[in-house]
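Written out below as structure tokens is the structure these notes cover.
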Amino acid sequence: MKALKFILLILALAFLNEANAQNSFTGNEYRVISYPGPTSRAGSLYVSPFDEVFLSLNGGIYNPKNSFWFIPPSKEYYFTSFAPILKDTAAFVFANTEKESQLFYIKNSFKSPIKPYLILSLPKGAYNIVSKNDICYVYGCANDTSKIGILIRNKVKWLMTIEGLIKQVQVDNDGKICFLYKNSIYELNDRKIILSDKQKLYGFAFDKNNQLIVSGEDGLGIKKNDTLSIIISGVKGIVSCGLNNIFILDQTHHNIIACKY
């Protein structure tokens, strides 16, 4: 009976979060993808080319559409980021232990349990991995220093180090690595500023047409010339784009917001 009451409570909280989110945003048509509980901690978001969503949640990797744990939370590891290698039916994942951050390669096999293979150990921090055309890019921050690198043959080649926090890294459709630092978005190779704004910026991504999509204090917008044209107000969080939808991990309301291009 206690277990049933707990499940009903979680479902009620998810419904309440969805209702609150529906009442909080204005603008383009959107839908809300809920994940359980107001105490949940979601750190990163991955969207496949087919609009399949995974997020790091409470130390595991979770698929909210199917309520499925790709990697369940454990006592030993706190998983923080996930990026699949589609051609290899495998994935790279970051996890924190008590002393360090570790990058694992996971080969998916239907004949045996999932087994992680350690690729790299780093000073404990907040790390993420981004996949574009089956090429993986690593970024993160430890001891107030951020790094960006590329994963080559299961080794990381570091491309940049900078003091302070890099909020998000994305790769555009031309293969250019871009990053959000303070309130500006840069191209990594020449440090060219793509967009700078007075408002606080939370995340960004490139859609299938290579348009820059940005989440800021004013909401979600599309870059037009040197300004943002807001399409949904009130939504703040990291951004990822799939085939037909833009997804925002809105941690204020513990939901994922999805809107069509």
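The values are calculated or read from the model by the stated rules, or taken from the named source; none is laboratory data. These numbers come from a predicted model, not from an experiment. So basically every Cβ, Gly included, is an ideal-geometry build from the backbone, and we count neighbours across all protein chains shown. To get the accessible areas, we keep the full protein, side chains included, count just its heavy atoms, and leave off ligands, DNA and RNA. Shrake-Rupley method; radii C 1.70, N 1.55, O 1.52, S 1.80 Å.
Per-residue accessible area (protein heavy atoms, 1.4 Å probe) orders LYS192, LYS236, LYS176 as LYS192, LYS176, LYS236, starting from the largest. Please give, to one decimal in nm, the separation of the simple spin-label points placed at ASP144 and ASP226, each 7 Å out from Cα toward the Cβ. Going by the 7 Å Cα→Cβ label model, 3.2 nm. When a/c is below 1.5 the answer is rounded, else prolate if a/b is larger than b/c, else oblate, so apply that to segment 119-185 with a ≥ b ≥ c taken from the square roots of the Cα gyration tensor eigenvalues. The shape class here is oblate. Of the residues GLY242, LEU151, VAL214, the one whose Cα sits farthest towards the positive end of the charge dipole of segment 141-261 is LEU151 (charges of +1 on Lys and Arg Cβ, -1 on Asp and Glu Cβ, taken about the Cα centre). Using Cβ point charges alone (K and R +1, D and E -1), the dipole size of segment 141-261 about the Cα centre works out to roughly 300 debye.
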